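J.: Below you will find the structure I want to go over with you.
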Amino acid sequence: MTCRFLGKRVVVIGSGATAMTLVPAPASTASRVTMLQRSPSHIVARPGHDALADRIRALLPEKPAHRVVRGKNVVLGTLFFQLMRRLPGRAASALRKRVAAQLPASIPVDPHFVPSYDPWDQRLCLVPDADLFRALRAGKVPWRRT
């Protein structure tokens, strides 16, 4: 996919989950990638690989490992969702702080990463392996808001 963008200028319109995961790929070969957003989304970066699940799979046979990993994911996902819904102000603040720590100094958190809604009023955008933030820090993705 990235070969199509070699040396080209690319604009990705939107800042939803698809854009968050799409932008880093052309950023590695395009001359410039601009992510144009109308309104910001709540964002969370997570590792693309689950090391704990790998350890569980190494210790248990396939079926029990699958059940344990699935149970872990359901419980953690539910706890995360409940925390976001029950303490929206604190949750939004924590999400903003995590994003701010990964942004280059040239991109302010406010207004670019401060949504007008509480976490989980709309779904959160997942940034696997924080690759969007790496592309932003590398200067390959200027951030524009309309």
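The values are calculated or read from the model by the stated rules, or taken from the named source; none is laboratory data. Treat the numbers as computed from the prediction; the structure is a model and nothing was measured. Virtual Cβ from ideal backbone geometry, glycine too; neighbours counted across all protein chains shown.
J.: Give the stretch 29-51 a look and list any residue that's in contact with a helix residue (DSSP H, G or I) (Cβ under 7 Å, 6 or more places away or on another chain) and either closer than 19 Å to Ile107 by Cβ or free of Cβ contacts under 8 Å to residues at least 24 places away in the same chain (or both), or say none. Give the derivation first.
T.: In the first step, residues of the stretch 29-51 are kept if they are in contact with a helix residue (DSSP H, G or I) (Cβ under 7 Å, 6 or more places away or on another chain); the result is 29-30, 33, 35, 40, 42-45.
Selection gives Ala30, Val33, Met35, Pro40, His42, Ile43, Val44, Ala45.
J.: Go through the stretch 49-70 and count every residue that is surrounded by fewer than 15 Cβ atoms within 10 Å (Cβ to Cβ) and either more than 21 Å from Leu124 (Cβ to Cβ) or at pLDDT below 90 (or both). Steps first, please.
T.: Of the residues in the stretch 49-70, the ones surrounded by fewer than 15 Cβ atoms within 10 Å (Cβ to Cβ) are 49-52, 54-55, 58-64, 66-67, 70.
So of that shortlist, the ones also either more than 21 Å from Leu124 (Cβ to Cβ) or at pLDDT below 90 (or both) come out as 51, 54-55, 58-64, 66-67.
So the count comes out to 12.
J.: For residues that are touching a strand residue (DSSP E or B) at 6+ places or on another chain (Cβ under 8 Å) and surrounded by fewer than 16 Cβ atoms within 10 Å (Cβ to Cβ), scanning just the stretch 4-13, find the one that is nearest to Met84 (Cα to Cα).
T.: Among those that are touching a strand residue (DSSP E or B) at 6+ places or on another chain (Cβ under 8 Å) and surrounded by fewer than 16 Cβ atoms within 10 Å (Cβ to Cβ), it is Ile13.
J.: Right, here's the next one. Among (1) under 30 Å from Ile13 (Cα atoms); (2) free of Cβ contacts under 8 Å to residues at least 60 places away in the same chain; (3) over 15 Å from the mean Cα position of the chain (by Cα), which single condition is Leu136 missing?
T.: Against the list (1) under 30 Å from Ile13 (Cα atoms); (2) free of Cβ contacts under 8 Å to residues at least 60 places away in the same chain; (3) over 15 Å from the mean Cα position of the chain (by Cα), Leu136 comes up short only on (3).
J.: If you don't mind, there's one more thing I want to ask. With the checklist (1) in contact with a His (Cβ under 9 Å, 6 or more places away or on another chain); (2) surrounded by 12 or more Cβ atoms within 10 Å (Cβ to Cβ) in hand, flag the one item Arg123 doesn't pass.
T.: Of the numbered conditions (1) in contact with a His (Cβ under 9 Å, 6 or more places away or on another chain); (2) surrounded by 12 or more Cβ atoms within 10 Å (Cβ to Cβ), the odd one out for Arg123 is (2).
J.: Related question: Output the residues belonging to the stretch 17-38 that are exposed (fewer than 14 other Cβ atoms within 10 Å of the Cβ) and in a loop (DSSP other than H, G, I, E, B). Explain how you work it out, then say what you get.
T.: In the first step, residues of the stretch 17-38 are kept if they are exposed (fewer than 14 other Cβ atoms within 10 Å of the Cβ); the result is 18, 31, 38.
Selection gives Ser31, Arg38.
J.: If you don't mind, another one. Kindly check whether there is at least one residue in the stretch 45-59 that is closer than 20 Å to Arg134 by Cα, of a type in the set (A, V, I, L, M, F, W, C) and under 16 Å from the mean Cα position of the chain (by Cα).
T.: Yes, because at least one residue in the stretch 45-59 is closer than 20 Å to Arg134 by Cα, of a type in the set (A, V, I, L, M, F, W, C) and under 16 Å from the mean Cα position of the chain (by Cα).
J.: Something else: I'm checking my understanding of the structure. Among residues of the stretch 104-120 that are outside any loop (DSSP other than H, G, I, E, B) and either under 16 Å from the mean Cα position of the chain (by Cα) or of a type in the set (Val, Ile, Thr) (or both), which one is nearest to Pro40 (Cα to Cα)? Spell out the reasoning first.
T.: Within the stretch 104-120, the subset outside any loop (DSSP other than H, G, I, E, B) is 109-112, 119.
Among the residues that remain, those that are also either under 16 Å from the mean Cα position of the chain (by Cα) or of a type in the set (Val, Ile, Thr) (or both) are: 109, 112, 119.
Numbers: Val109: 10, His112: 6, Pro119: 12 Å.
By that ranking, first place goes to His112.
J.: Which of (1) within 19 Å of Ala27 (Cα to Cα); (2) without any contact (Cβ under 8 Å) to a residue 24 or more places away in the chain is the odd one out, the single condition Ala94 does not satisfy?
T.: For Ala94, the failing item is (1).
J.: May I ask you to list the residues in the stretch 102-120 that are among the hydrophobic types (A, V, I, L, M, F, W, C), surrounded by fewer than 16 Cβ atoms within 10 Å (Cβ to Cβ) and within 25 Å of Pro26 (Cβ to Cβ)? Give the steps one after another, and end with the answer.
T.: Of the stretch 102-120, the ones among the hydrophobic types (A, V, I, L, M, F, W, C) are 103, 105, 107, 109, 113-114, 120.
Going one step further and asking which of them are surrounded by fewer than 16 Cβ atoms within 10 Å (Cβ to Cβ), we end up with 105, 109, 114.
If the condition is that a residue be among the hydrophobic types (A, V, I, L, M, F, W, C), surrounded by fewer than 16 Cβ atoms within 10 Å (Cβ to Cβ) and within 25 Å of Pro26 (Cβ to Cβ), then Ala105, Val109 are the ones that fit.
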